[in-house]
Structures are given as C-alpha cells and as structure tokens.
Amino acid sequence: MKILGIESSCDETSAAVVEDGKRLLSNVVHSQIDIHAEYGGVIPEIAARSHIETINPVVNKALEDAACSWDDIDAIAVTYAPGLVGSLLIGTLAARTLAVVHDKPLYAIHHVEAHVYANFIVEQKDTSSLVLPSKQPAFPMLALIVSGGHSQLVLFRDHGDYELLGQTQDDAVGEAFDKVAKIIGLPYPGGPSIEKAAAHGDPHAYKLPKARMENPYDFSFSGLKTAVLRSVQAEVGKDFTFPSHELAALLTDKQRYDFAASFSRVAIETLVDKAERAYNDYSPASVVIAGGVAASRPLREELSRRLPLSIEYAPMSLCTDNAAMIATLGYYYAQKRPADDPYALEVVPSISMTSTMWA
Ligand code: KG4
Ligand code: ZN
C-alpha cells in the first residue's frame with residue numbers, strides 16, 4: 001500500500017510517498033527557515049503564503065521521485081492538527097482536493113503522533129542513502145516527544161493504544177532552545193545553533209535550575225529560560241529594566257558559548273532524567289525519540305549513555321518536520337479505521353494526541 005503524505009503545519013512544506021508504513025520512496029521538504037530567520041521566528045501569514053506557492057510543486061516532485069503516478073497511490077494522509085491555522089489550511093485543502101479529484105481515501109493525521117512514526121521507517125529505495133534503523137521499534141515502546149511545540153513522554157502498548165505519562169506544563173523544550181538562542185544572540189532556529197555554540201563552551205560555567213514537578217514525568221522549561229535571562233543580566237551588569245533584545249550584544253563569545261553549553265546540559269539532562277525514570281518504572285521493549293529536538297546529537301549521546309538498551313535513532317532529516325512520518329502513520333490508520341470525509345475535514349490548531357483518534 002502506497003500512501004502520499006502531506007505536511008504543512010508550521011514552516012515546512014512537505015510531501016512524501018511511503019510504502020506499507022515502512023519503506024521510504026520519496027520525501028520532499030521545502031523549508032522556509034531562511035525566510036523566517038530574518039525575523040527570529042515563524043511569521044504565520046508569511047508561512048501560509050509560502051505554503052500556497054510551493055504545495056503543488058512539492059507534491060508533484062514527491063510523486064516523481066517515488067516514480068509513482070496517481071494510479072499507484074492508494075491513499076492520502078495529511079496533517080490536520082496541531083499547528084498554525086493558516087499553514088494547516090493550505091495542506092488540508094490541497095489533500096482534500098486531491099482526494100476528491102483522484103478518488104483516494106483520505107486520513108487526517110495528528111502531527112505530534114506522526115513524529116513518533118518517523119522511527120518506523122526502516123527501508124528505502126536503492127538510490128537513497130539515509131542511515132535507517134535496522135528494524136521497527138517493539139511494543140511496549142516508550143516515546144520521548146520533543147519538538148518546538150511539544151514535550152511529552154508517551155507509553156505505546158500497540159499502534160493506537162497509548163498513554164500520556166507526562167508533558168510540559170509551560171514551554172516546550174524546542175521553544176526554550178529557540179528563546180534562549182534569541183537571548184544570547186544566536187540565530188533561529190535555536191536548537192542547531194545552540195548545539196554548535198555549546199561545543200565550544202563549558203557546560204558547568206553557569207548554575208541553572210532543574211524544575212521539580214509533582215508528576216515526575218511532567219516537564220517545565222520556562223523557569224530555566226528565565227534563569228538564563230537573569231544570569232545574562234547579572235553577567236553584563238544590567239537589570240530587568242534594560243531591553244532584553246539588547247543584552248546579547250554585551251556578551252563576549254566565551255560567555256555566549258558558556259551559556260549555550262550550560263543551558264543545553266540542563267535541558268538535555270532534564271529530558272533524559274525523566275526518560276530514564278519512565279524506563280525504570282515501565283520496562284519498555286524499546287525507546288524512541290521524536291520531534292525536531294530529537295535531531296540533537298548531545299541528547300542522543302546522553303540517552304544512549306544512560307539507558308541500558310541500544311537505541312536506533314531515525315535520521316536527522318526524518319526528525320524535523322517532514323511528510324514521510326505523516327504517510328507512515330497514515331498506513332497504520334488505514335489498517336485500523338475508516339477514512340475521513342474529504343468534504344468535511346477541518347483543521348484543529350490546538351489539540352493533544354489521544355488513542356481515541358484511532359477509533
Ligand atoms: O518538530 P519540529 O521540526 O517542529 C515542530 O513541530 O515544532 O521541531 C522544531 C524544533 C525547534 O524548536 C528547533 O530549535 C528544535 O526543534 N531543534 C533542535 C535541534 N534541531 C532542531 N533542538 C536541539 N538540538 C537540535 N540539534
Ligand atoms: Zn514537528
């Protein structure tokens with residue numbers, strides 16, 4: 001079964017073809033990062049307009065790369081939630097139209113749940129050269145989902161049967177990376193630029209707090225971000241009355257690297273502490289990480305060092321936003337539930353993933 005996936009929830013326009021929920025035939029990603037970097041974050045109106053311009057060429061390229069015609073495609077899967085409303089509308093409108101015109105079943109996909117399914121892609125066309133996991137993760141599977149909008153620990157007993165163990169009570173971890181990068185004067189997106197800067201810094205230079213939570217699997221990153229801000233203010237001899245966007249210019253490169261390293265260490269340790277605790281409490285057969293922050297090399301290294309099982313990571317390009325993960329999850333939906341109505345599908349900008357979506 002070949003599924004065409006479409007993703008447009010934030011600032012990537014993507015289309016992909018995946019066979020049988022595991023074999024990658026194509027994955028085309030048009031990133032708007034260069035457009036938004038100028039503003040230090042995603043501007044929703046600009047994102048939506050860019051999706052309109054690129055969605056058709058991206059879909060056509062995905063079919064071409066997969067050497068597929070419409071006759072070869074068995075179903076379409078599209079992100080309907082969560083995300084920026086204008087961005088979601090473009091992808092879903094394209095998918096709904098294509099489903100009607102080409103008479104294909106349509107599956108509405110939750111973006112965050114799909115991030116987890118990047119880990120189920122284990123085969124590819126001969127011409128591709130991604131380093132993929134050798135096999136699909138076994139159930140029960142513990143998933144650490146860490147992106148720009150979400151930080152969650154989820155225990156999957158099977159496809160469509162999972163339990164949310166904990167989640168962030170304020171900022172997502174990727175959001176914290178992006179905000180801290182802005183404070184210390186590193187470019188957007190913050191995750192990769194902090195990773196690069198941190199390699200030159202001392203991870204123990206500044207003392208930063210780890211939040212204590214009532215539910216040990218919950219996260220909180222807003223206090224950590226504020227602690228970085230206060231620490232930067234103290235370091236350059238300014239207080240809260242000084243404009244925060246002017247602080248970065250007063251830091252030396254050494255201070256910038258040390259802040260990047262100290263923040264990164266605490267953020268990553270926090271994620272791994274909780275994943276380790278959940279591992280010990282639930283003894284899952286596999287552990288996966290998902291979402292843009294899963295592209296972090298230091299996070300992968302720390303997790304592998306602390307957990308007593310070998311973890312096979314998805315390639316970086318399947319961790320950040322892409323349609324391959326959407327098409328992959330679409331396959332498992334198609335095994336379990338009826339297709340959605342292309343005439344009635346609505347976008348939902350803000351909703352958590354739940355097993356009930358599989359019913
Ligand atoms: O999943 P994603 O591409 O978009 C959302 O669904 O949010 O995640 C984007 C987030 C951004 O906050 C970005 O800073 C972060 O992932 N990120 C990283 C790294 N690469 C991307 N965070 C830490 N280290 C990285 N190497
Ligand atoms: Zn994402």
Between residue 280 and residue 335, take the C-beta separation as r, use R0 = 45 Å, and let me know the FRET efficiency to the nearest 0.05. 0.90
When the chain is treated as a Gaussian network with springs between alpha carbons less than 10 Å apart, the largest mean-square fluctuation among 282, 206, 332 is found at 282
Checking the a/c ratio against 1.5 first, then a/b against b/c, what shape does the Cα gyration tensor give for segment 94-168? oblate
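Between rounded, prolate and oblate, where does the chain land on the alpha carbon gyration tensor, with a ≥ b ≥ c its root eigenvalues, rounded for a/c under 1.5, else prolate if a/b exceeds b/c? Intermediate results must be reported in sequence, preceding the final value.
On the way: a/c = 2.00, a/b = 1.50, b/c = 1.33.
Cα axes put the chain in the prolate bin.
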Lys, Arg +1 and Asp, Glu -1 on Cβ, resulting dipole of segment 100-216 about Cα centre, debye, nearest 20: 340
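Can you classify segment 122-163 as rounded, prolate or oblate using the Cα gyration tensor, where a ≥ b ≥ c are the square roots of its eigenvalues, rounded means a/c under 1.5, and otherwise it's prolate if a/b beats b/c and oblate if not? It would help to have the intermediate numbers written out before the result.
Details: a/c = 3.28, a/b = 1.61, b/c = 2.04.
It is oblate, given that a/c is not under 1.5 and a/b is not larger than b/c.
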Projected label distance in nm at residue 139 and residue 304, using a 7 Å step from Cα toward the beta-carbon: 2.8
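Note the full-extension length gain between residue 71 and residue 202 as 0.36 nm times their separation in residues minus their Cα-Cα distance, in nm to one decimal.
Working: separation 131, 0.36 × 131 = 47.16 nm, distance 5.63 nm.
Full extension of this stretch gives 41.5 nm more.
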Could you calculate the contour length gain from residue 130 to residue 359, that is, 0.36 nm times the residue separation minus the distance between their Cα atoms, to one decimal place in nm? 79.1 nm
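Rounded to the nearest 0.05, what FRET efficiency is calculated for residue 297 and residue 103 with R0 set to 45 Å and r the Cβ-Cβ distance?
Details: r = 44 Å, r/R0 = 0.99.
The formula returns an efficiency of 0.50 here.
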Inter-label distance for residue 45 and residue 316, nm, one decimal - labels placed 7 Å from Cα along Cα-to-Cβ: 3.4
Only Cα pairs within less than 10 Å get springs; with that Gaussian network setup on the chain, which residue of 42, 236, 116 has the largest fluctuation? 236
Starting at the first residue of segment 326-332, write each ³J(HN,Hα) from the Karplus equation 6.51 cos²θ - 1.76 cosθ + 1.60 with θ = phi - 60°, in whole Hz, x for Gly and Pro. 5, 5, 5, 5, x, 4, 6
Going by how many other beta carbons lie within 10 Å of each one, how would you line up 317, 231, fewest first? 317, 231
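Quick check on the chain: helices-only [θ] at 222 nm, where DSSP H runs of length 4 and up contribute -39,500 (n - 2.57) each and the sum goes over total residues. Nearest 500, please.
Numbers: 11 runs with 144 residues, N = 359.
It comes out at -12500 deg cm²/dmol, rounded to the nearest 500.
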Could you give me the ³J(HN,Hα) list for segment 113-126, computed from phi with Karplus coefficients 6.51, -1.76, 1.60 and θ = phi - 60°, whole Hz, x at Gly and Pro? 4, 5, 3, 4, 6, 4, 6, 8, 7, 10, 9, 8, 5, 3
Which of 188, 39, 279 fluctuates most in a GNM of the chain (C-alpha springs under 10 Å)? That residue is 39
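For an R0 of 41 angstrom, estimate the FRET efficiency from the Cβ-Cβ distance between residue 230 and residue 348 and round to the nearest 0.05. Spell out each step's value before the answer.
Numbers: r = 37 Å, r/R0 = 0.89.
Efficiency, from the Cβ-Cβ distance: 0.65.
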Relative to the chain, whose Cα atoms define the longest principal axis, helix 85-102 and its Cα axis are tilted in degrees, nearest 10, by 20
Net charge near residue 204: determine it from the other residues with C-beta under 12 Å of the C-beta of residue 204, scoring Lys and Arg +1 and Asp and Glu -1. -1
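Quick check on my link table: of 179/254; 182/274; 22/336; 61/104; 196/274; 196/225, which ones sit more than 21 Å apart, alpha carbon to alpha carbon?
Values: 179/254 19 Å; 182/274 26 Å; 22/336 16 Å; 61/104 19 Å; 196/274 25 Å; 196/225 19 Å.
Correct reply: 182/274; 196/274.
We did not get these values from a lab; they are worked out from the coordinates using the rules stated. The shown structure was predicted, so the numbers you read here are calculated from the model rather than taken from an experiment. With ideal geometry, Cβ positions are generated from the backbone for all residues, glycine too; neighbour counts draw on all protein chains shown.
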